[in-house]
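One structure below.
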Amino acid sequence: MDKNEILRIFKSTGVMQEGHFLLTSGRHSDKYMQCAKLFQNANISEIFAKELAVKFEGVDIVIGPAVGGIILAYEVSRQLKVKNIFAERQNGAMTLRRGFEIPQDANVLVVEDVVTTGGSVKEVVALVQEKGANVVGVGSIVDRSNGQVDFGVPFEAVLSMEVVSFEPESCPLCKSGTPAVKPGSRNI
């Protein structure tokens, strides 16, 4: 799938949004990628998960951070025919709950719907490594950093693009008085 086709799908599904957004990272942006809208349609989810899955091999488990990585972890694991789990916040830290386990020396792929600073993904990578497993890579549908985030392992995205974001104190949208909307899931 080429970039124009991806962007066409993003626009037609309402993934690409414009306004004033407070990102999970704490930064502000005039663009937001709401990949949850992409995952409303199983056929479209499958297409994007296949695009991501073919970039990795030797995977035993796919894990994603809740909430954005749950459906993607499931669908990528289905394409790779391996187990999937998700990490979630408990007392502010990413953890495994619900009886999920990562065996020592397992080869684990970490996936997330959208990466901006990579904060949540870095927490999941650290969690996997704490369990004695190998992080074989990180995958996302959208890399908003245009390849600037370094996870210390191979990082692949279906779409990599630079989307400008601002620290709150230097945000031109705040200065113009436009209220920010927080569409992310950090506090869930």
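Which ordering of MET1, MET33 is given by a fewest-first count of other beta-carbon atoms within 10 Å? Can you show the working numbers first?
Working: MET1 13, MET33 27.
If I rank by nearby Cβ atoms, fewest first, I get MET1, MET33.
Listed as lacking a disulfide-compatible partner in the chain: CYS35, by the criterion of no other cysteine Cβ under 4.7 Å. Which of the lysines could be linked to LYS131 by a straight reach, that is with a Cα gap under 29 Å, when you skip same-chain ones fewer than 8 residues away? Correct list for LYS131: LYS50, LYS55, LYS81, LYS83, LYS122. So if we plug the beta-carbon distance of VAL54 and GLN129 into 1/(1 + (r/R0)^6) with R0 = 30 Å, what FRET efficiency do we get, rounded to 0.05? Approximately 0.75, to the nearest 0.05.
Each residue of segment 23-31 is assigned a 3J(HN,Hα), and the resulting list reads 7, 4, 5, x, 7, 10, 8, 8, 10 Hz, derived from the Karplus form 6.51 cos²θ - 1.76 cosθ + 1.60 (θ = phi - 60°), x at Gly and Pro.
In percent, how large is the relative contact order of the chain, given Cα pairs closer than 8 Å and 6 or more residues apart?
Relative contact order, the chain: 23 percent.
Angle of helix 3-13 to the longest C-alpha principal axis of the chain, folded into 0 to 90 degrees and rounded to 10: 80°.
What the Cβ-Cβ distance of GLN17 and ARG98 gives, at R0 = 35 Å and to the nearest 0.05, is a FRET efficiency of 0.65.
Magnitude of the charge dipole for segment 125-188, about its Cα centre and with charges confined to Cβ atoms of Lys, Arg (+1) and Asp, Glu (-1), is about 280 debye. Relative to the longest principal axis of the Cα atoms of the chain, the long axis of helix 119-130 makes an angle of roughly 20 degrees. Along the charge dipole of segment 3-175, pointing to its positive end and built from +1/-1 on Cβ of Lys, Arg, Asp and Glu, which listed residue (ILE71, THR13, THR24) has its Cα farthest out? Value computed over the given set: THR13. May I ask for the angle, rounded to the nearest 10°, between helix 70-80 and the longest principal axis of the chain, with both axes built from Cα atoms and the value confined to 0 to 90°? The angle comes out at about 50 degrees.
Based on the alpha carbons, how large is the Rg to Rh ratio for the chain when Rh follows Kirkwood?
My calculation of the ratio gives 0.96.
With both labels modelled 7 Å from their Cα along Cα-to-Cβ, the GLN90 to SER170 distance reads 3.9 nm. With a ≥ b ≥ c taken as the square roots of the eigenvalues of the C-alpha gyration tensor of segment 96-182, please select rounded if a/c is under 1.5 and otherwise prolate if a/b is larger than b/c or oblate if it is not? Because a/c hits 1.5 or more and a/b exceeds b/c, segment 96-182 counts as prolate.
Simple spin-label estimate for ASN41 and ASN107 gives 3.3 nm between the two label positions (7 Å along the Cα-to-Cβ direction from each Cα). Here segment 7-34 is scanned for amide nitrogen atoms under 20 Å from the site 7 Å beyond the Cα of VAL67 along Cα-to-Cβ, giving 13-29, 31-34.
Relative to the Cα centre, what is the charge dipole magnitude of the chain, using +1 at the beta carbon of each Lys and Arg, -1 at the beta carbon of each Asp and Glu, and rounding to the nearest 20 debye?
With only Lys, Arg, Asp and Glu charged at Cβ, the dipole is about 480 debye.
Toward the positive end of the charge dipole of segment 3-175, with +1 on the Cβ of Lys and Arg and -1 on the Cβ of Asp and Glu, the farthest Cα among LEU173, ILE44, ILE61 is that of ILE44.
Considering helices alone, the calculated mean residue ellipticity of the chain at 222 nm is -8000 deg cm²/dmol, with DSSP H runs of length four and up weighted by -39500 (n - 2.57) and normalised per residue. Considering only beta bridges that DSSP places wholly inside segment 3-175, some 35 percent are antiparallel. Site pair GLU162 and LYS3 shows an inter-label distance of 1.2 nm when each label is modelled 7 Å from Cα along Cα→Cβ. Exposure proxy ranking for SER145, SER140, SER160, based on other Cβ atoms within 10 angstrom of each Cβ and starting from the fewest, stands as SER160, SER145, SER140.
The numbers here are math on the coordinates, done by the rules we state, and not lab data. Being a predicted model, the structure only gives us computed values, none of them experimental. When we count neighbours, we look across all protein chains shown, and the Cβ atoms used for this are built from the backbone with ideal geometry, even at glycine.
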